[in-house]
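**Q** One structure, as structure tokens, below. Some questions next.
The values are calculated or read from the model by the stated rules, or taken from the named source; none is laboratory data. It should be emphasised that the depicted structure is a prediction, and the values quoted were computed from it without experimental measurement. With ideal geometry, Cβ positions are generated from the backbone for all residues, glycine too; neighbour counts draw on all protein chains shown. Quick note on the areas: whole protein, heavy atoms, side chains included, nothing else; ligands and nucleic acids left out. Shrake-Rupley method; radii C 1.70, N 1.55, O 1.52, S 1.80 Å.
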Amino acid sequence: MYLVFALYALFASVFTIGKVALASASPFFIVGSRMALAGSAMVIFQLIKDKKAFKMTFQSWVSVCLFALLGIYITNVCEFWSLQFLTSSKTCFLYSAIPFVSAFFSYLILKETMTRKKWWGLCIGLVGIIPIMLSGSSLSQLGGLFIFSWPEIVMMIAIITSALGWIYLRKTVAHETINLFVANGLGMLIGGIVTLGHSYFVEVWSPVPVMNWAGFIKSGIALLIVSNLLAYNLYGFLLKRYSATFMSFAGLSTPFFASLFGWVFLREVVPWPLWVGLGILSIGLVLFHQEEIKSKGFAVRVAEKTT
């Protein structure tokens, strides 16, 4: 159980480290370089260990590429661009909506069962996003759509594509019998290369978009270890032992870690609407989780673990 909360502490620290990294280099270059480097290291390691792990079907390659495009490229590009204008704690609070987004797409893509109570939980949870997005809006600076600023809208795109990316990764590992380490490594490598190409065309390369090499190297190494090597792989490892809903339920601890890190290292203050939004999200997830237990989805996973 302690590994679950360790995972979400790692995820929360990524927002804080990412905020620091943005002071040293351009956002897309930060994402592309660390993803390409981490992916290369993982692929090379697996090639040395067992080349047969890369023998995959066409459908497996399609799923890995979708994970790279959605879960790595679009997610991180949108996230790091928005992180320039939002606090790390608000970003993390917005990410609390992922369980509900994942549930919706799991229903559409994986054909998972959705009862009436689950739909109610999903709707309540999505309502909880509204006070979070309205808190500390940067609408006056960059404009936006209706009452939401562009950084908030783009961050929600990151959340949607992140959920889709993990669904395709889970589908690949579960149904195509692919090594999780291989799928993660290839996804990071492909997504990192695409992001570096994006960076080359929209950011100033002279010779590279880095303003402070010392800060970039320190924060880059920290992001590489914490996010790419530890968090991504630990999440995939834990998904084999706990239900996705339980993992999402435990993920509500992430904003608390993010708020703590933001307060200690960045002196960020968490406004009360964020806590209201998290409370509503929690109610929705509790309803969803109760129905998951009733349908014995969680019990089956626990039974599999103990046998």
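**Q** For the stretch 1-110, which whole percent of the accessible surface, found with a 1.4 angstrom probe, sits on carbon and sulfur atoms?
**A** 74 percent
**Q** Which shape class applies to the stretch 1-115: rounded if a/c is under 1.5, otherwise prolate when a/b exceeds b/c and oblate if not, where a ≥ b ≥ c are the square roots of the Cα gyration tensor eigenvalues?
**A** Here the stretch 1-115 falls in the oblate category.
**Q** Could you calculate the FRET efficiency of K52 with V202 from 1/(1 + (r/R0)^6), where r is the beta carbon distance between them and R0 is 51 Å, rounded to 0.05?
**A** On the way: r = 39 Å, r/R0 = 0.77.
So, using R0 = 51 Å, E works out to roughly 0.85.
**Q** Please calculate the 1.4 Å probe accessible area of F256, with all protein chains present, and give it to the nearest 10 Å².
**A** That residue has around 110 Å² of solvent-accessible surface.
**Q** Let me ask you something else. Could you sort out which of K117/K240; K55/K111; K111/K240 sit more than 22 Å apart by Cα distance in this structure?
**A** K117/K240; K55/K111
**Q** Then there is this: Hey, with R₀ at 35 Å, roughly what FRET efficiency would I44 and I157 work out to, going by the Cβ-Cβ distance, to 0.05?
**A** Working: r = 32 Å, r/R0 = 0.91.
Efficiency at R0 = 35 Å is approximately 0.65.
**Q** Let me ask you something else. When ligands, DNA and RNA are left out and all protein chains stay put, how many square angstrom of accessible area per residue does the stretch 27-133 have with a 1.4 Å probe?
**A** 43 Å²
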